[in-house]
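Values quoted throughout were computed directly from the atomic coordinates according to the rules given, and no laboratory measurement underlies them. Treat the numbers as computed from the prediction; the structure is a model and nothing was measured. Cβ sites come from the backbone with ideal geometry, for glycine too, and all protein chains shown count toward neighbours.
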Ligand code: EPU
């Protein structure tokens, strides 16, 4: 391979237990809403612990095309000044590559009273509707099915989401924070990054009560200022390293992590036979005995996160006994199973249910179908002696910072 040439694959020589320490990065799904929140701020915003991942770079590029000034002040510190931005600058070729571009709807509606129709992208899990977002915008006085505008102005409202949606909750906060008055939202998502956005909006001058509960009360104001915020640790990155450690029979300490949001994941890892020791900011996972099969149902927070279902599947391929995963968040998150089968996995999908029958895995040339599906292939590859090739490296690097470097730090052979 020529030095400096574009590499769209990983080569992994697995079979060695992961051992050592790894620092968890700032959360992808935490950084993205914060970056878009800079659009509704009344001054410059500085974010710390921002991960260098594809989705963050796309979000920064989108903001720049709209006229924002985006400056990396340090390796993981970015300052955004969105004083002179214009929704006319929204670049459809970028929004179509990023699911979080849907946050432009809430932010632009709050700031400009208008957002053009967007083609949003992200992982392909079948239908990814925005009906809950639009119903909420309508409750706040907006009109439109795709393009949203507020010809008669926006107003505070009381709205109950018809289902729990992370994205719709984030958009509600982004719009309502700029509306004078008190808006109340029921059946909200309670993920860490929702509370982080709420805290940041409070820094800017709004007030939000009910953090961490399904009922959020937003005291909005059109006069928001600027501010700064530290992105929380990435629970999904942390969970992926824990599952890779479990799968390889290793002994790893995660640092700069927050164990509490990982409670459901840690409980499953313990049921699988792993030893877990936590402090305020570290998690050590050790596996001495064979993994046990488990039955897991994905759910919005505080349940087992859907984004860890694919890497969990890979670890369970090696368990003693059958496992079952009930996928209850996304309609179609099983595309990656076809690729795991190429590595020898015995997987049966029926409706929203996946049954995993343990079988030895073998090296293969496989392709990442989406970000977390790619993580499943990676976890599987780390358990296999011999060389596995995963094509679609850029999909994994949309969400995992410094992936090969971090894995090499734990003793894996990855290029
Ligand atoms: N839904 C609707 N209507 C809506 C919105 C959502 O029916 O208007 C449905 C979805 O189709 C899905 C469920 O509700 O079945 C949950 O969707 P949600 O809106 O909560 O997901 P999201 O905001 O689009 C975020 C993460 C995803 C993560 C989900 C669930 C970001 C940028 N994305 O997506 O992360 O899977 O929440 O936790 O925060 C990933 O990081 O790999 C990823 C896919």
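How much FRET efficiency would the formula 1/(1 + (r/R0)^6) give for residue 320 and residue 127, where r is the Cβ-Cβ distance and R0 is 45 Å, rounded to 0.05?
It comes out at approximately 0.75.
For segment 35-97, what is the convex hull (Cα atoms) projected area averaged across all directions, in square nanometres?
3.9
Calculate, axis by axis, the spread of Cα positions in segment 61-118 along the three principal axes, and write the results as whole Å, longest axis first.
Projected onto its principal axes, the Cα set of segment 61-118 covers 34, 24, 16 Å.
Would segment 285-348 count as rounded, prolate or oblate if I go by the C-alpha gyration tensor, calling it rounded below 1.5 in a/c and otherwise prolate when a/b exceeds b/c, oblate otherwise?
Here segment 285-348 falls in the oblate category.
Where does the Debye-calculated log10 I(q)/I(0) of the chain sit at q = 0.07 Å⁻¹, using only Cα point scatterers of equal weight, no solvent?
Relative scattering, expressed as log10 I(q)/I(0), comes to -0.33.
Taking neighbour counts of Cβ atoms within 10 Å as a proxy for exposure, in what order, fewest first, do 415, 53 appear?
Least crowded to most crowded, the residues run 415, 53.
For segment 328-415, what does the convex hull of the Cα positions come to per residue, in cubic angstrom?
101
Using only the C-alpha atoms of segment 230-339, find the volume of their convex hull and express it per residue in Å³.
Per residue, the Cα convex hull of segment 230-339 comes to 100 Å³.
What is the packing order of peptides 41-47, 194-200, 235-241, taking the mean over residues of other C-beta atoms within 10 Å and listing the highest first?
235-241, 194-200, 41-47
Measure of size requested: the Rg and Dmax of segment 40-171, with Cα atoms as the atom set and Å as the unit; please supply both.
Over segment 40-171's Cα set, Rg and Dmax evaluate to 15.1, 44 Å.
Hey, how much of the P(r) for segment 100-232 falls beyond 18 Å, as a percent of Cα pairs?
Here the long-distance tail beyond 18 Å is 49 percent of all Cα pairs in segment 100-232.
Using alpha-carbon positions, what is the distance between the centroids of segment 154-206 and segment 210-238, in Å?
9
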